[in-house]
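Below is one structure; the comments refer to it alone.
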Amino acid sequence: MPSAPESATPHKEGTPLSRAMRPLNSLVERFIPSALVFSIVLTFLVAILGLVLTSTSPADLVVHWGDGLSGLLAFMTQMALILLLGHILANTGPVRRLLAALGAVPRTELMAYVFVFVVAAVASLITWGLGLVVGGLLAREVAHQGRERGLTLHFPMLVAAGFGGFVVWHMGYSASGPLTAATEGSFLMDSLGAQTVPMSETVFSTWNMLAALATILVVAAALYLVAPRRGDRVTELTIDAREELEDGQEEVVTPADRLDASRLVTLLTGLALVAYLVLHFSRGGTLTLDTVNWSFLALILLLVRNPFELIHLTKNAASNVGEILLQFPLYAGILGMMVGSGLVQIFSDAFVSISTPTTFGLFALLAAGLVNFFVPSGGDQFAVQGPIMLSAGAELGVDPAITIMAVSYGDQWTNMIQPFWAIPLLAIAGLKMRDILGYTTIVLIASGLVLGATLVIVSL
């Protein structure tokens, strides 16, 4: 992916907030490494913390790390499927045409940044895999169409706005923590007293939906304030970096080719999945990670023209999610060290020890935000921290729904400064994490204020 050249010269213009962020932007551009190196550095940092803060021996830490590498493989497959299916869905013909139409909506520079963020946030509420990919694709589309209309757009901020939409994913349909709590027989059952917590009490509660709306509005306002103004240094995307919308069709020669080119094959399979989901929910079934995946697979099968197109989209998606799949075991190893050495318990206990029933949700968010920096997968984090926080919350008489959403909020919150989930979006945009981190830090601050206030208010 070609990089974006710089234009304009720096001036002392812009808002006070945008001027205040310039030193941070310069700092991260120089010193933040690639996401892969970041995960390796974190591995050694956790090992050092384990040796310093616990009595774990170096040999035991190595064993915890090695055992952790293959831990939670089933869950990792579910997460990989969500990302893969989200990428495929975002690149189907109808969705790409919709994104092209949306790219023509912004008429000013400031509107462009806010618009990309809002659309990516809505997509993330539908499924986080879709939100990550839509953010990158829409940023490119808006950059191209905006330049044709004479707009001077800072491409790294467009991409940052797209990634910023990810800050609400755990408040939506694909929220792995609340979905796990709503699933019979999940690893949270013991901590929940063998009961489930339905999604109506977590994701679909009135207070969470209002919090999602407030987060989107506040972050949008913050991005508006920090966006480059006339005279600021701007890095434009001066080429058309959009990919051609190919459908992967091949020459039809043999009877086998005719099957691969048949709309009926994917349509019937998609309808069968829809029928299964209707029966599942009509018979009392609940939302789970699997049903979320199958619902999006069904949508993909209904939207693609035939197996030729589906195979083509899958190959493209695999090339963009590969780096994340490589890093999953590394973070699973970090998780193994944190669990085996007791670091997770230490982090959680430190926050719980200063909590009251009213402040527990806030401190649970902070604890989850800290742990998420080392274990960026929300589901992996729930596997370890969820039972600990639910037990602590129960001792204080805190509603388990608040605890579940507090851990969820903390997980999505610090994703803004953790490069793991930015990989697919950055690959689409042709940028590095350091190019956008100054702006995503603003998203972190603005969203943190809303999420923390929400948890205090609902705990009163």
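The values are calculated or read from the model by the stated rules, or taken from the named source; none is laboratory data. Computed from a predicted model, the values in this text were never measured in an experiment. Positions of Cβ are backbone-derived with ideal geometry, glycine not excepted, and every protein chain shown enters the neighbour counts. Each accessible area value is taken on the protein alone, full model and side chains, heavy atoms only, with ligands, DNA and RNA left out. Shrake-Rupley method; radii C 1.70, N 1.55, O 1.52, S 1.80 Å.
Worth pointing out:
- One chain, two ends: Leu449 and Thr286. Fully extended at 0.36 nm per residue, the span grows by 55.5 nm beyond their Cα-Cα distance.
- Farthest toward positive dipole pole in the chain [+1 Lys/Arg, -1 Asp/Glu at C-beta], among Leu210, Gln327, Ser200: Leu210
- 5 angstrom amide H check on Val234, placed H, neighbours 5+ away: Ser7
- Summing charges over neighbours of Gly340, with a neighbour being any other residue whose Cβ is under 11 Å away from its Cβ, gives -2 when K and R count +1 and D and E count -1.
- Peptide packing for 219-229, 157-167, 406-416 was compared via the average number of neighbouring C-beta atoms within 10 Å per residue; ordered from the highest value, the list is 157-167, 406-416, 219-229.
- Solvent-accessible surface (1.4 angstrom probe) belonging to Phe296, in square angstrom, nearest 10: 20 Å²
- Gyration tensor verdict on the chain (Cα atoms; rounded if a/c is under 1.5, prolate if a/b is larger than b/c, oblate otherwise): oblate
- Contour minus Cα-Cα distance for Leu217 and Phe44 (0.36 nm per residue): 58.4 nm
- Segments 321-331, 271-281 sorted - mean Cβ within 10 Å per residue, highest first: 321-331, 271-281
- The heavy atoms of Met338 offer some 0 square angstrom of accessible surface to a 1.4 angstrom probe.
- At least 18 Å along the helix axis (C-alpha) and Kyte average at least 0.0, DSSP helices within the chain: 35-53, 73-90, 109-126, 128-148, 206-226, 263-282, 289-303, 307-341, 360-374, 378-396, 400-413, 433-459
- The listed residues Ile48, Ile82, once ranked by accessible area (1.4 Å probe) with the largest placed first, stand as Ile48, Ile82.
- Here the chain is assigned +1 on the Cβ of each Lys and Arg and -1 on the Cβ of each Asp and Glu. Its dipole about the Cα centre then comes out at about 1140 debye.
- Working ranking of peptides 358-366, 207-215, 129-137, 98-106 by packing, defined as the average number of other Cβ atoms within 10 Å per residue, highest first, is 129-137, 358-366, 207-215, 98-106.
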